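Single-structure report; data block below.
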Amino acid sequence: MNRTIKKYSPIFVLPTLLAFIIGFIVPFILGIYLSFCKFTTVTDAKFTGISNYQKVFSDDSFIHALWFTALFTVAAVVTINVIAFTIAYLLTKGFKGTNLFRTVFFMPNLIGGIVLGYIWQLIFNGILLYFAKTLTFSATYGFFGLLILMNWQQVGYMMIIYIAGIQNISPSVMEAAKIDGASRSQILRKVIIPMVMPSVTISVFLTLTNSFKLFDQNLALTAGEPSKMTEMLALNIFNTFYGRTGFEGVGQAKAVIFFVLVAVIALLQLYYTRKREVQA
Amino acid sequence: MKNIKRILSLVLALCLVLVLFAGCGENTSGDKETAKGKVYFLNFKPEQSQQWEDIASRYSESTGVDVTVVTAASDTYESTLKSEIAKTEAPTLFQVNGPVGLASWKDYCYDLSNTSLYKNLASDDFVLKGDNGEALAIAYVIETYGLIYNKSLLNDYINTEGALITSANEINNFETLKAVAEDIQSKKDTLGIKGAFTSAGMDSSSDWRFKTHLANLPVYYEYKDENITSTDKIKGTYLENYKNIWDLYINNSTTEPSLLSSKTGSDASSEFALKEAVFYQNGTWAYDDIKGYEVSDDDLGMLPIYIGADGEEKQGLCTGSENYWCVNKNAKQADIDATLAFLDWLITSDEGKKALSEELKFVTPFTTFTEEFTVDNPLVKAANDYIKQDKIPVAWTFTTMPSEEWKNGVGSALLEYAQGTGDWSGVQTAFVDGWEREYKAVNSK
């Protein structure tokens, strides 16, 4: 049986492999190739070497977007995970109406980023109107606006992951800790948190990559205003590619750099949080 | 036997692949249509997508030629065109917005010199030519902008005590415009309005009125002084005037300057349509948005935008085009012929001319549009009156602005100046240094 499966495995893999090649590998390689070209449409590319990459690093808006994104990612990863874990911890205590709360907290995740962005824009502008300001008045407002929006959207999802993690802790471990006389905070710090490290790995990974690649919410909420001060990397790439004639190749080069950055950061993060996971 | 099994399984697997990809394939239409050629028009104006589709289906019915009209969503024309034109079924008819737009698409443009489109043009001013004099893009609609004003509100003002003018004609320079606007603003409660000007919104649906259309005036006067039609370096001689008119707009409007960043184009048009403001900087195309509310057609007038340049008493409205038709050179010859026939039908047949002038309300640069095909739009009439009075129309020099990026830079600086987070030197930098930098960036190979 096993031998037959082994023998025929290429046949079974073939359809999906072809789809994967056409839908992923080819565009990916084409994308890297295009980053070395000057082109208007993807079919008329002319090879120009590394000049696109040189232009990327002389573009102040890209550097600014990089720092803005980095700052946002740090803030978002910390706040989302802390809040999500807190809520998950509270909702596994067996209060009445736990299920209702879980549903309610999860719901924002079901709404698309563009819609959320416009809704929150209305809310923020409505509040700021009392101070005769708007969300795009300064980058600080935009930053915190994005942070609140992302927390509102992502906390519910991460909460579900943490709840699953907490519920997975075997009752015997908890019981043993109690019998040994551990206080509540000791149980939290010494038992629960180490035991949910796999969930932390997943949640941090998801929030990290989501924040780094944030696009819809950024576009809908501030669109980079004022003066590109709230423009994040993905939006900056989009604006370069589509907004500037003759800069398609530069946008493509930015996208390649962006890919490398996201991959490196995500792998590093996975490596470090994996190391902290424990077996019970 | 083994081989047969192997081949059979391979065939089965490939069948599965075929089924998977069958959904991706496009329906190949019958040969009959290909022989006749097809027209695919990528339309720029979302507000007129329905009209274009109606016209296309009527044309298809009477001639049997397939005409597809696809409309790019607002603000996405360039990106839609970029992805559409890379396809096998690419648009045969598309448009560029002027010399700067043509620069990126000139390799795709068919030479229109031998077409009826070119032969029926009133003047060569409406053609964008290639390096060897070929007619690559032809304007199909002429538009005019200025300060649209509400005649009855202005009359109300004239009837107030101590009014500075006795008739709208007296506003023929910046000094008067400023004095009148400021006086109206101070009397806004008596007049029952919210401000002299509509909100100068800097949302992307409205900021082009200032970063592009208003910025046209300082560029126009500088070109005129220097006797040039485009430049790689702008001096910014008239930036002070630009500042004056911008100050006038933001300080005498319905809205506090700090709220401008989120004000949209429809905010401004509704303020005007609901009689909340007297002046509204926009063009003939705005008629659709303001008709049918509280301002009657007879009350619509248009004033030139005065910025305080020498001899501006003779200045007219800003007239030009940023809609140029191009035919895709890389399309099949049959499709190119079909497209040219469609264009010919639009500008020479009575039915086509009616469609352009009555349904789309286009003022066109073609000589075939005689008296009976004039457009029913009071703003167009106002524009024509200025030409009859021998006022000198202001050319649309903004089509020579180096790039969208430049406009965005100026727009952001204008906004920061308006809301007090930046000062005027920011606009100066974006305008002068930005021009040089962008010109280099776009034109370097």
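The values are calculated or read from the model by the stated rules, or taken from the named source; none is laboratory data. These figures come from a predicted structure and were not determined experimentally. Here the Cβ positions follow ideal geometry from the backbone for every residue, glycine too, while neighbour counts run over all protein chains shown.
Do we find that B:Leu102 is in a helix (DSSP H, G or I), at pLDDT 85 or above, within 18 Å of the chain's Cα centre (by Cα) and surrounded by 15 or more Cβ atoms within 10 Å (Cβ to Cβ) in this structure? For B:Leu102, the condition - in a helix (DSSP H, G or I), at pLDDT 85 or above, within 18 Å of the chain's Cα centre (by Cα) and surrounded by 15 or more Cβ atoms within 10 Å (Cβ to Cβ) - is met. Contact map, the range A:171-187: residues that are under 16 Å from A:Lys93 (Cα atoms) paired with residues that are assigned to a helix (DSSP H, G or I) and among the aliphatic types (A, V, I, L, M), Cβ distance under 6 Å, separation 6+ or inter-chain. Pairs shown: A:Ile187/A:Ala177. For the range B:215-243, a residue qualifies if it is surrounded by fewer than 18 Cβ atoms within 10 Å (Cβ to Cβ), of a type in the set (S, T, N, Q) and more than 14 Å from B:Thr397 (Cα to Cα), and exactly one does: B:Thr237. Screening B:Pro91 against (1) part of a helix (DSSP H, G or I); (2) within 12 Å of another protein chain (Cβ to nearest Cβ); (3) of a type outside the set (Asp, Glu) leaves a single unmet condition, (1).
B:Asn172 falls short on exactly one of the conditions (1) in contact (Cβ under 8 Å) with a residue 12 or more places away in the chain; (2) out of contact with any Leu (no Cβ under 7 Å at 6 or more places or on another chain); (3) surrounded by fewer than 17 Cβ atoms within 10 Å (Cβ to Cβ), and that condition is (3). The residues of the range B:263-300 that are at pLDDT 90 or above, among the acidic types (Asp, Glu) and over 23 Å from the mean Cα position of the chain (by Cα) amount to a single one, B:Glu276.
Applying the set (1) surrounded by 20 or more Cβ atoms within 10 Å (Cβ to Cβ); (2) within 30 Å of B:Asn384 (Cβ to Cβ); (3) touching an Asp or Glu at 6+ places or on another chain (Cβ under 9 Å); (4) not aliphatic (A, V, I, L, M) to B:Glu322 leaves exactly one unmet item: (1).
Suppose the filter is part of a helix (DSSP H, G or I) and surrounded by 19 or more Cβ atoms within 10 Å (Cβ to Cβ); does A:Val264 pass it? Here the answer is no, as A:Val264 does not meet what is asked. Out of (1) within 30 Å of A:Gly243 (Cβ to Cβ); (2) outside any helix (DSSP H, G or I); (3) out of contact with any helix residue (DSSP H, G or I) (no Cβ under 7 Å at 6 or more places or on another chain), what's the single condition that is false for A:Gly94? Condition not satisfied by A:Gly94: (1). Those helices (runs of 4 or more DSSP H) of the range B:325-399 in which at least 2 residues are aromatic (Phe, Trp, Tyr), considering only elements entirely within it, cover B:333-348. When B:Ser206, B:Ser199 are checked against the criterion of being in contact with an Asp or Glu (Cβ under 6 Å, 6 or more places away or on another chain), surrounded by 17 or more Cβ atoms within 10 Å (Cβ to Cβ) and under 28 Å from B:Gln428 (Cα atoms), B:Ser199 stands alone in meeting it.
Yes or no, residue by residue, for (1) closer than 23 Å to A:Ile111 by Cα; (2) more than 8 Å from every other protein chain (Cβ to nearest Cβ); (3) in contact with a Lys or Arg (Cβ under 8 Å, 6 or more places away or on another chain):
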| position | (1), (2), (3) |
| --- | --- |
| A:Phe212 | yes, yes, no |
| A:Leu219 | yes, yes, no |
| A:Ala223 | yes, no, no |
| A:Ser227 | no, no, no |
| A:Ala234 | yes, yes, yes |
| A:Ile237 | no, yes, yes |
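Inspection of the range B:19-27 finds no residue satisfying the criterion of being assigned to a helix (DSSP H, G or I), at pLDDT below 75, within 14 Å of another protein chain (Cβ to nearest Cβ) and buried (at least 16 other Cβ atoms within 10 Å of the Cβ).
Listed by position, the helices (runs of 4 or more DSSP H) inside the range A:104-197 whose residues that are within 14 Å of another protein chain (Cβ to nearest Cβ) and surrounded by fewer than 19 Cβ atoms within 10 Å (Cβ to Cβ) number at least 1 are A:113-128, A:139-168.
Condition check ((1) modelled with pLDDT of 85 or more; (2) within 14 Å of chain A (Cβ to nearest Cβ); (3) under 26 Å from B:Asp299 (Cα atoms)) across all residues:
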position: B:Glu372; (1), (2), (3): no, no, yes
position: B:Pro378; (1), (2), (3): yes, no, yes
position: B:Asn384; (1), (2), (3): no, no, yes
position: B:Val394; (1), (2), (3): yes, no, yes
position: B:Pro402; (1), (2), (3): yes, yes, no
position: B:Lys407; (1), (2), (3): yes, yes, no
position: B:Gly411; (1), (2), (3): yes, yes, no
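Residues that are closer than 16 Å to A:Gly251 by Cβ, touching an Asp or Glu at 6+ places or on another chain (Cβ under 7 Å) and among the aliphatic types (A, V, I, L, M) occur in the range A:59-77; there is at least one. Every condition in (1) under 21 Å from B:Ile307 (Cα atoms); (2) modelled with pLDDT of 90 or more; (3) part of a helix (DSSP H, G or I) holds for B:Leu153 except the one numbered (1). For B:Thr76, the conditions (1) within 29 Å of B:Thr400 (Cα to Cα); (2) within 19 Å of the chain's Cα centre (by Cα); (3) surrounded by fewer than 18 Cβ atoms within 10 Å (Cβ to Cβ); (4) away from chain A (no Cβ under 14 Å) are fulfilled apart from (4). Tell me yes or no: at least one residue of the range B:421-433 is within 12 Å of another protein chain (Cβ to nearest Cβ) and part of a loop (DSSP other than H, G, I, E, B). Checking the range B:421-433: at least one residue is within 12 Å of another protein chain (Cβ to nearest Cβ) and part of a loop (DSSP other than H, G, I, E, B). Can we say B:Gly133 is among the small types (Gly, Ala, Ser), at pLDDT below 85, more than 30 Å from B:Leu274 (Cα to Cα) and not assigned by TED's automatic domain parsing to the domain that holds B:Asp189? Spelling it out, B:Gly133 is indeed among the small types (Gly, Ala, Ser), at pLDDT below 85, more than 30 Å from B:Leu274 (Cα to Cα) and not assigned by TED's automatic domain parsing to the domain that holds B:Asp189. Only one of B:Ser60, B:Ser49 is surrounded by 14 or more Cβ atoms within 10 Å (Cβ to Cβ), at pLDDT below 90 and not in a loop (DSSP other than H, G, I, E, B); which? Unique residue meeting the criteria: B:Ser49. Within the range B:341-365, which residues are more than 20 Å from the chain's Cα centre (by Cα), surrounded by fewer than 19 Cβ atoms within 10 Å (Cβ to Cβ) and not β-branched (Val, Ile, Thr)? Selection gives B:Ala341, B:Asp344, B:Ser349, B:Asp350, B:Glu351, B:Lys354.
Scanning the range B:420-445 for residues that are closer than 23 Å to B:Leu259 by Cβ, surrounded by fewer than 23 Cβ atoms within 10 Å (Cβ to Cβ) and in contact (Cβ under 8 Å) with a residue 12 or more places away in the chain yields a total of 3.
Which one of these does A:Val262 not meet: (1) in contact (Cβ under 8 Å) with a residue 12 or more places away in the chain; (2) more than 18 Å from A:Phe62 (Cα to Cα)? So the condition that A:Val262 fails would be (2).
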